[in-house]
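Worksheet for the structure shown next.
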């Protein structure tokens, strides 16, 4: 049976939501694939043991008072274990549903995106995913190309295809995440509508179709700052970049990084402490 590397974080007393979100934000640099609440803290899963080791160090630096335990958790039908806690999420014209809610009645003019829960990224429940999906619906995609960077389970790429994009490319550096994305594309009859590719932003590569009219990047604050110029280079003249994965205290640094790369902030959405932004690449005469 396959097992997944994880760390269990336990606080001396039940943590408040803000404290928990701060630690999880720090762990984003280690690329967690799932988070499961426990009675006194959380269990955080990773794609490999080196990412888990990195997360251990990040957690220790962020919260010295917590107990941290490394463990390997057997895969006991993740989807089945998730059924009690995962319900449909409504964001604008979309409802993101696990497969066991695929036949639920919906309001007119609402579209369903079916996402199979897995140890890969994204079920639509995280605030950063919801914020990106909200801002994406404010941008015209008709006959425009879209790139989804760090696609995870493919939610944003699927939404872009449903919103009328002429071409959608979804990239991720995690091969397991792409397996999840392809599965979800099939569940939504969108297999031919999205080109899924294994690409690491840190390793320069030409992405077919670049530059794109709209680029989506739901990453982390640190990665957005480091790769601001790379991401800006993927946006065509007059195009848009929609980002999330960072919190209030990171906003100034993220905005400054993209300003230095030639992008101007034009929109913002907030969900408690999480933030998403739309940037624009101005047409230069």
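General remarks:
- Among the residues here, residue 162 qualifies as out of contact with any helix residue (DSSP H, G or I) (no Cβ under 7 Å at 6 or more places or on another chain) and assigned by TED's automatic domain parsing to the domain that holds residue 130.
- Considering the conditions (1) assigned to a helix (DSSP H, G or I); (2) without any contact (Cβ under 8 Å) to a residue 60 or more places away in the chain; (3) buried (at least 18 other Cβ atoms within 10 Å of the Cβ), residue 53 is excluded by exactly one of them, (3).
- Count of region 188-207 residues which are crowded, with 16+ Cβ neighbours inside 10 Å and modelled with pLDDT of 95 or more: 5
- Some residue of region 128-149 being closer than 28 Å to residue 221 by Cα, within 20 Å of the chain's Cα centre (by Cα), part of a loop (DSSP other than H, G, I, E, B) and at pLDDT below 90: no
- Test: residue in region 231-244 that is surrounded by fewer than 19 Cβ atoms within 10 Å (Cβ to Cβ) and under 24 Å from residue 21 (Cβ atoms): no
- Flag for residue 189 being out of contact with any strand residue (DSSP E or B) (no Cβ under 6 Å at 6 or more places or on another chain) and outside any helix (DSSP H, G or I): yes
- Which listed residue, of 161, 157, 170, 203, is without any contact (Cβ under 8 Å) to a residue 60 or more places away in the chain and part of a loop (DSSP other than H, G, I, E, B): 203
The values are calculated or read from the model by the stated rules, or taken from the named source; none is laboratory data. Quick caveat, the model's predicted, so the values are computed rather than measured. Cβ sites come from the backbone with ideal geometry, for glycine too, and all protein chains shown count toward neighbours.
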